[in-house]
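Report on the following structure.
The values are calculated or read from the model by the stated rules, or taken from the named source; none is laboratory data. Given the structure is predicted, the values throughout are model-derived calculations rather than measurements. So basically every Cβ, Gly included, is an ideal-geometry build from the backbone, and we count neighbours across all protein chains shown.
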Amino acid sequence: MKAAVYMGPGKIEVKEVETPKPKAGEVLLKIHACAVCGTDVRIFYHGQKNVVPPHITGHEFAGSIAEIGPGVTGFKKGDKVTSVTCVGCQKCLYCKKGLYNLCDTPRYLGYYYPGAFAEYMIIPKEAIDGGNLLKAPGSLSFPAITMVEPLSCVINGQDYLKVQKGDFAVVIGAGPIGCMHAEIAKASGAKTVVLFDVSESRLELAKRFDGLVLVNSAKEEPVKKVMDMTGGCGADVIVVACGVNAAQEQAVAMAAKLARISLFASLPKDNPFIKLDANIVHYKEVSVYGAFASYKKQYEKALSLIAEKKIQAEKFITHTYPLKDIVTAFETSKKGTGLKTVVTME
């Protein structure tokens, strides 16, 4: 089979490698499409300690079952599928609650296990045992299914926020994840959804999503803009979908009473701190949440939202490349000239 093999920072080789055979408890997938995650890009350019080259990355995938190992039930050849990325130990406190994303000793498809930038991929026994492999409706296209993983992560963040009908919602950062947050907030009943970004080209791309208020935060100060729009009350829900320290500080400053804030994006490891006005949190009874990855329930919800067309998955895909052009796909994602980039194996 053909696979994009990561050989170290800045090095990847698309070449023929042996097609794996499923052992007992495993499933072999034929991969049709795999979207590029920001983490895939960082691994390619800078490496990551839990990815040891040579290795095949890629975890936002859509495939069909090619072969089923002994002992696996509930699936048949040809089923359209995707999978929860995090493979939990199934023993720790969090795994026992189904929260594999918070596992004490997690292993991830595309990081520890070989991933989906290849024509075929093994779903390991541990993932099968954990219920990670999920059937997708036959009506969904393979590119649409690749959006399930990022959308599930967005749902994880918004599950804490409990967006209600009539809420004034703000999303800071108009990348693909920020746009997904805006769409989920809108689908959850928010009356107004304001999407901020410093990039005019990002905001231009976001125009494909109806009903959003798009604001260039390089031209209009976000806190003042929100306060002006809400008569000084502030926003009910704020999601920080960019790794910028000042944006997290702005989120607290623009919060209304009883606001819910998601610090969704991580900050640089060498500068992870912000100045927090704790009195705003205290006197306004503001709730501040973190969010990391996602778990099975949220994948299932993402699949449902896409299948029911409540979220138009294809709208997030702006670029598609064949596997042989995977470096170009990474370069496109890094430049931020589009939203989601998908690599196809066909």
Output yes when any residue across segment 223-235 is touching a residue at least 40 places away in the same chain (Cβ under 8 Å), crowded, with 19+ Cβ neighbours inside 10 Å and more than 22 Å from GLN164 (Cβ to Cβ), and no when none is. no
Test: ALA187 is small (Gly, Ala, Ser), assigned by TED's automatic domain parsing to the domain that holds SER262, in contact with a helix residue (DSSP H, G or I) (Cβ under 8 Å, 6 or more places away or on another chain) and surrounded by 20 or more Cβ atoms within 10 Å (Cβ to Cβ): no
Please give the number of the condition GLU149 fails out of (1) farther than 17 Å from LEU305 by Cβ; (2) acidic (Asp, Glu); (3) buried (at least 24 other Cβ atoms within 10 Å of the Cβ). (1)
Need the failing condition index for ILE238 against (1) assigned by TED's automatic domain parsing to the domain that holds MET180; (2) assigned to a loop (DSSP other than H, G, I, E, B), just the number. (2)
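Pull up segment 135-146, narrow it to residues that are within 13 Å of ASP79 (Cβ to Cβ) and among the small types (Gly, Ala, Ser), then point me to the one that is surrounded by the fewest Cβ atoms within 10 Å (Cβ to Cβ).
GLY138
If I ask for residues that are of a type in the set (A, V, I, L, M, F, W, C), in contact with a strand residue (DSSP E or B) (Cβ under 8 Å, 6 or more places away or on another chain) and within 19 Å of LYS135 (Cα to Cα), which ones from segment 281-320 would you list?
Of segment 281-320, the ones of a type in the set (A, V, I, L, M, F, W, C) are 281, 286, 288, 291-293, 302-303, 305-307, 311, 313, 316-317.
Right, trim to in contact with a strand residue (DSSP E or B) (Cβ under 8 Å, 6 or more places away or on another chain) and you get 281, 286, 288, 291, 293, 303, 316-317.
Answer for segment 281-320, where residues must be of a type in the set (A, V, I, L, M, F, W, C), in contact with a strand residue (DSSP E or B) (Cβ under 8 Å, 6 or more places away or on another chain) and within 19 Å of LYS135 (Cα to Cα): just LEU303.
If I go through segment 49-73 residue by residue, how many of them are modelled with pLDDT of 95 or more and either within 17 Å of TYR112 (Cα to Cα) or hydrophobic (A, V, I, L, M, F, W, C) (or both)?
First, the residues of segment 49-73 that are modelled with pLDDT of 95 or more: 51-73.
Now restrict to residues that are either within 17 Å of TYR112 (Cα to Cα) or hydrophobic (A, V, I, L, M, F, W, C) (or both): 51-62, 65-66, 68, 72.
Within segment 49-73, residues that are modelled with pLDDT of 95 or more and either within 17 Å of TYR112 (Cα to Cα) or hydrophobic (A, V, I, L, M, F, W, C) (or both) number 16.
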All but one of (1) crowded, with 22+ Cβ neighbours inside 10 Å; (2) over 26 Å from ILE155 (Cα atoms) hold for ASN132, so report the exception by its number. (2)
Residue check, GLU204 against (1) buried (at least 16 other Cβ atoms within 10 Å of the Cβ); (2) of a type outside the set (S, T, N, Q); (3) in a helix (DSSP H, G or I), all met but one. Which one? (1)
Could you grab me the full set of residues in segment 326-346 that are without any contact (Cβ under 8 Å) to a residue 12 or more places away in the chain and out of contact with any Phe, Trp or Tyr (no Cβ under 7 Å at 6 or more places or on another chain)? GLU331, LYS335
Can you tell me which residues in segment 157-177 are touching a helix residue (DSSP H, G or I) at 6+ places or on another chain (Cβ under 7 Å), farther than 15 Å from ILE261 by Cβ and not small (Gly, Ala, Ser)? PRO176, ILE177
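From the list LEU258, LEU303, LEU276, exactly one residue is touching a residue at least 24 places away in the same chain (Cβ under 8 Å) and crowded, with 16+ Cβ neighbours inside 10 Å. Which is it?
One residue alone meets the criteria, LEU303.
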What tally of residues in segment 1-51 results from selecting those that are touching a helix residue (DSSP H, G or I) at 6+ places or on another chain (Cβ under 9 Å), small (Gly, Ala, Ser) and loosely packed, with under 15 Cβ neighbours inside 10 Å? 2
